[in-house]
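Accompanying notes for the structure given below.
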Amino acid sequence: MENLRKFYIDGQWVEPLESTSREVENPATGQSFATTAMGSAADVERAITAARAAFDSFSQTSREERLAMLERLLAGYMERYDEIAAAITQEMGAPISFSKAAQADTGRGHIQAAIDALKNYQFEESTSSARVVKEPIGVCGFICPWNWPMNQIVCKVAPAIAAGCTMVVKPSEETPLSAMLFTEVVHQAGIPAGVYNVINGPGSVVGEVLSTHPEVDLVSLTGSTRVGALVSKAAADSIKRVALELGGKSPNLILDDADMEKAVKWGVFNCFENTGQSCNAPTRMLVPQSRYEEALDVAVRTAAKVQVGDPTQEGRHLGPMASKKQYDTTQRYIQIGIDEGARLLWGGLGKPEGLEQGYYAKPTIFADVRNDMTIAQEEIFGPVLCIIPYGDEEEGIAIANDSIYGLAGYVQGSDVERCRRVARRIKAGMIHLNGAYQDYDAPFGGYKQSGNCREWGAYAFEDFLEIKAINGF
């Protein structure tokens, strides 16, 4: 792919100002298969300048003009859909069936959600004596991760376009293929020059400039809590808006009246989905002590059905970890769990049999986990499930909330009203009852150290808008 060695600035594919590059690795083989250019501070400066120059005119476009752009973007995305899914499989190891059904679908879903929201979004309202208007904030810097590459680019780009902002996007160095394919879609959709710009490169260079630059009005990061703190500190001197979507250690609170077979089976499969590399994964399964052994039996039987294999093959199986770094981190946490005295119920250290090449990990379940253990408190970002027993409902809620994170929570039980009552007591931004999934028009984001923003649908617009009161209107 020729554009991997270029950047997209001011509506054109341009050569980098410096010749630094990085190999792109296929995690299923551990082998490099492409090379991408790495941006310098000067490259980022060019992109910010282009975005700033484009803002005055783009911010004045009409709702109808931006709707037409997004509709063209959606049509172009669907034309390249299978190609984008295949790229995600190659660069981060998501199995192709999952890439098509979920990974690539997030791009479609977020563009469509932005279109739907923009049609009726109220950019103006009146008080008794003033007109309150919502105006685009300006130039936005987007720092994106690798685990859901289309989701975390498009859920920022689509609402930013809808709001009338311009932007500079930094994709993850791990997943540049899908980002550049999406950029080709943006170009073909006729988004005005300078509105959307892309620079590949390390966070220490590209991310640092976006966070500190006085001409960037908002920096939006999806990443770890540690990096979120660094971005916030870097952005403080220019008092820019900072939108953070960060880590999680989400509880799956199974109540004592739940269908245990169904609840545990769902919890195991969804913890391991995307090889455990999702910030909102239900990684802490909270089970009533009275039904604990029953739950462990279901967990083992379910885990035995989880297959790991070649991501290019169709089917519902897990692929490799996205990189050697992620594999090594997961192995380190599994060893910590063993050392802390948790009972290894399934999986463990090393690679699955027959998958010595690449970064495949064993789906792993720990039982008899205390919530103060490292594996229960820290985000592992791998296929590792912690099962924690609790006494009564009050203790279950207390354990669910005993975390620095508050991204998602899951409640399962047969009494829906009880589930709803419990859900209101869990300190997290998203609660899922009995396996319900997140709609693209529902807000995505968390409490506490899981972040400070809401993405997806109309709720995403708010970060990209300034509020102005025109008094005496």
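Please count how many residues of segment 15-28 are among the aliphatic types (A, V, I, L, M) and crowded, with 18+ Cβ neighbours inside 10 Å. Full working, then the answer.
Narrowing segment 15-28 to residues among the aliphatic types (A, V, I, L, M): 17, 24, 28.
So of that shortlist, the ones also crowded, with 18+ Cβ neighbours inside 10 Å come out as 24, 28.
Summing the residues that are among the aliphatic types (A, V, I, L, M) and crowded, with 18+ Cβ neighbours inside 10 Å in segment 15-28 gives 2.
Only residues that are over 26 Å from the mean Cα position of the chain (by Cα) and exposed (fewer than 15 other Cβ atoms within 10 Å of the Cβ): list them for segment 113-126, please. If you could, list the steps in order and put the result at the bottom.
Residues of segment 113-126 that are over 26 Å from the mean Cα position of the chain (by Cα), as a first pass: 120, 122-126.
Correct list: ASN120, GLN122, GLU124, GLU125, SER126.
Yes/no matrix, rows are residues, columns are (1) at pLDDT 95 or above; (2) surrounded by 24 or more Cβ atoms within 10 Å (Cβ to Cβ); (3) polar (S, T, N, Q):
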{"residue": "MET92", "(1), (2), (3)": "yes, yes, no"}
{"residue": "SER97", "(1), (2), (3)": "yes, no, yes"}
{"residue": "SER128", "(1), (2), (3)": "no, no, yes"}
{"residue": "VAL132", "(1), (2), (3)": "yes, no, no"}
{"residue": "CYS140", "(1), (2), (3)": "yes, yes, no"}
{"residue": "ILE143", "(1), (2), (3)": "yes, yes, no"}
{"residue": "MET150", "(1), (2), (3)": "yes, yes, no"}
{"residue": "ALA162", "(1), (2), (3)": "yes, yes, no"}
{"residue": "PRO176", "(1), (2), (3)": "yes, yes, no"}
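Does ALA101 fit the bill of being surrounded by 16 or more Cβ atoms within 10 Å (Cβ to Cβ) and closer than 21 Å to GLY309 by Cα?
Numbers: surrounded by 16 or more Cβ atoms within 10 Å (Cβ to Cβ): no; closer than 21 Å to GLY309 by Cα: yes.
Criteria not met by ALA101.
Go through (1) among the aliphatic types (A, V, I, L, M); (2) outside any loop (DSSP other than H, G, I, E, B); (3) without any contact (Cβ under 8 Å) to a residue 60 or more places away in the chain and name the single condition ALA436 misses.
Of everything listed in (1) among the aliphatic types (A, V, I, L, M); (2) outside any loop (DSSP other than H, G, I, E, B); (3) without any contact (Cβ under 8 Å) to a residue 60 or more places away in the chain, ALA436 misses just condition (2).
Condition test on GLU71, is it part of a strand (DSSP E or B), of a type outside the set (A, V, I, L, M, F, W, C), more than 22 Å from GLY141 (Cα to Cα) and modelled with pLDDT of 95 or more? Steps first, please.
On the way: part of a strand (DSSP E or B): no; of a type outside the set (A, V, I, L, M, F, W, C): yes; more than 22 Å from GLY141 (Cα to Cα): yes; modelled with pLDDT of 95 or more: yes.
Here the answer is no, as GLU71 does not meet what is asked.
If you go through segment 234-247 one residue at a time, do you hit one that is crowded, with 21+ Cβ neighbours inside 10 Å, modelled with pLDDT of 95 or more and in a helix (DSSP H, G or I)?
Yes: segment 234-247 contains one or more residues that are crowded, with 21+ Cβ neighbours inside 10 Å, modelled with pLDDT of 95 or more and in a helix (DSSP H, G or I).
Do you know which residues across segment 355-410 are among the hydroxyl-bearing types (Ser, Thr, Tyr) and at pLDDT below 95?
Filtering segment 355-410 for residues among the hydroxyl-bearing types (Ser, Thr, Tyr) gives 359-360, 364, 374, 390, 403, 405, 410.
Scanning segment 355-410 gives no hits.
Kindly list, by first and then second residue, each pair from a residue in segment 203-219 that is on the phi > 0 side of the Ramachandran plot to a residue that is at pLDDT below 95 and crowded, with 24+ Cβ neighbours inside 10 Å, limited to pairs with Cβ atoms under 9 Å and residues at least 6 apart or on different chains.
Close Cβ pairs satisfying both conditions: none exist.
Restricting to segment 248-257, what's the tally of residues that are in a loop (DSSP other than H, G, I, E, B) and either among the hydrophobic types (A, V, I, L, M, F, W, C) or buried (at least 23 other Cβ atoms within 10 Å of the Cβ) (or both)?
Of the residues in that region, 4 qualify.
Being touching a Phe, Trp or Tyr at 6+ places or on another chain (Cβ under 7 Å) and surrounded by fewer than 21 Cβ atoms within 10 Å (Cβ to Cβ), is that true of even one residue in segment 416-429? Before the answer, list the steps.
Filtering segment 416-429 down to residues touching a Phe, Trp or Tyr at 6+ places or on another chain (Cβ under 7 Å) leaves 427-429.
Subsequent filtering for residues that are surrounded by fewer than 21 Cβ atoms within 10 Å (Cβ to Cβ) retains 427.
For segment 416-429, residues touching a Phe, Trp or Tyr at 6+ places or on another chain (Cβ under 7 Å) and surrounded by fewer than 21 Cβ atoms within 10 Å (Cβ to Cβ): present.
Looking at segment 213-229 only, could you name the residues that are buried (at least 18 other Cβ atoms within 10 Å of the Cβ) and assigned to a helix (DSSP H, G or I)?
At the first step, the residues of segment 213-229 found to be buried (at least 18 other Cβ atoms within 10 Å of the Cβ) are 213, 216-223, 225, 227-228.
Once the filter is applied, which keeps residues that are buried (at least 18 other Cβ atoms within 10 Å of the Cβ) and assigned to a helix (DSSP H, G or I), segment 213-229 yields THR225, VAL227, GLY228.
For segment 275-389, please list each of the helices (runs of 4 or more DSSP H) lying entirely inside it that holds at least 1 residues being in the same structural domain as SER224 (by TED's automatic domain parsing) and touching a residue at least 24 places away in the same chain (Cβ under 8 Å). Write out each step before concluding.
Working: elements: 292-303, 324-340, 374-377.
Helices (runs of 4 or more DSSP H) meeting the threshold: none at all.
The values are calculated or read from the model by the stated rules, or taken from the named source; none is laboratory data. This is a predicted model, so every value here is computed, not measured. Neighbour counts run over all protein chains shown; Cβ positions are idealised from the backbone, glycine included.
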